[in-house]
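Data block below; observations after.
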Amino acid sequence: MKFRTLAVAAFLVTASSLFADTFNVDKVHSEANFQVRHMMSKVSGKFDDFSGKINIDRANPSASSVEFTIKTASIDTSNADRDKDLRSANFFDVEKNPEITFKSSKVVPSKKKDVYDVTGDLTMHGVTKHVTLPVESTGFGKDPWGGERAGFSLTTTVNRKDYGINWNKALDNGGVLLGDDVTININLEAVKAK
């Protein structure tokens, strides 16, 4: 009986993968940006090197999955000195923590049209947190070269201190130099694997 249950479970996993299409992130037409408060303003930055794979089951979105990786050394805030500091042990410590990764464990349609609650493990700065991200499917279409593409977008906020990125500096008139909350904006265009 136990063997039969395992066999059925294995079959269902295999069967669901047969109906899934794999899409690979097209880095040239995608972006991974962030924004954080600096004193009384906000500073934006991006990561230039990232990759991802999205398995999409259009008939059963809950059987879909995603894996996404960002190379921390590729951080770019348009200021070389600041970028050097962000790569240091003060912040990302890229020598010890070369990647930020996300691997989904569950995909659930939300109440909003074309938006899915994607739950999984987000690992940053050596710390892993179980998070749920609101991912919008922005559509599917054919490209001029006969391929198929899919679009996805998400905006979320993480507290950098939850991941051990604690550096800050007190200001003379009260308050601190940097905010704790970081807004993340990711827009992805992915190409269906052949």
Subject >> Phi to ³J(HN,Hα) by Karplus 6.51 cos²θ - 1.76 cosθ + 1.60 over region 146-151, Hz, x for Gly, Pro >> reply: x, x, 10, 10, 9, x
Original post:
What are the chymotrypsin sites (Phe, Trp or Tyr not before Pro) within region 50-158 that DSSP puts in a loop, where the Cβ has at most 13 other Cβ atoms within 10 Å?
Top reply: TRP145
**OP:** Please give every one of the aspartates and glutamates within straight-line cross-link reach of LYS111, meaning a C-alpha to C-alpha distance under 20 Å, and leave out same-chain neighbours fewer than 8 residues apart.
**Re:** ASP57, GLU136
Original post:
From the square roots a ≥ b ≥ c of the eigenvalues of the alpha-carbon gyration tensor of region 20-192, which class results: rounded (a/c under 1.5), prolate (a/b over b/c), or oblate?
Top reply: prolate
Original post:
Okay, helix-only estimate at 222 nm for the chain: each DSSP H run of n ≥ 4 adds -39500 (n - 2.57), divide by all residues, round to 500 deg cm²/dmol; what do you get?
Top reply: -4000 deg cm²/dmol
Subject >> For SER64, distant residues with modelled amide H under 5 Å away >> reply: ASP57
**OP:** Would you mind checking LYS42/LYS169; LYS46/LYS161; LYS113/LYS194 for any pair whose Cα atoms are more than 25 angstrom apart?
**Re:** LYS113/LYS194
**OP:** Would you grab the residues whose amide H sits under 5 Å from the one on GLU99? Only those 5+ places off in sequence or on another chain, please, with H modelled 1.01 Å from N.
**Re:** THR72
**OP:** Give the distance, in whole Å, between the Cα centre of region 48-108 and the Cα centre of region 175-194.
**Re:** 8 Å
Subject >> Formal net charge of residues neighbouring ALA80 (Cβ-Cβ distance under 15 Å; K, R +1; D, E -1) >> reply: -1
Original post:
Once you charge only the Cβ atoms, +1 for Lys and Arg and -1 for Asp and Glu, what is the size of the charge dipole of region 20-192 about its Cα centre, to the nearest 20 debye?
Top reply: 320 debye
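Every read-out reported here was derived from the displayed coordinates using simple, explicitly stated rules and does not represent laboratory data. As the structure is a prediction and not an experimental result, all values here were calculated from the model. As a convention, Cβ positions derive from the backbone with ideal geometry for all residues, glycine included, and neighbour counts pool all protein chains shown.
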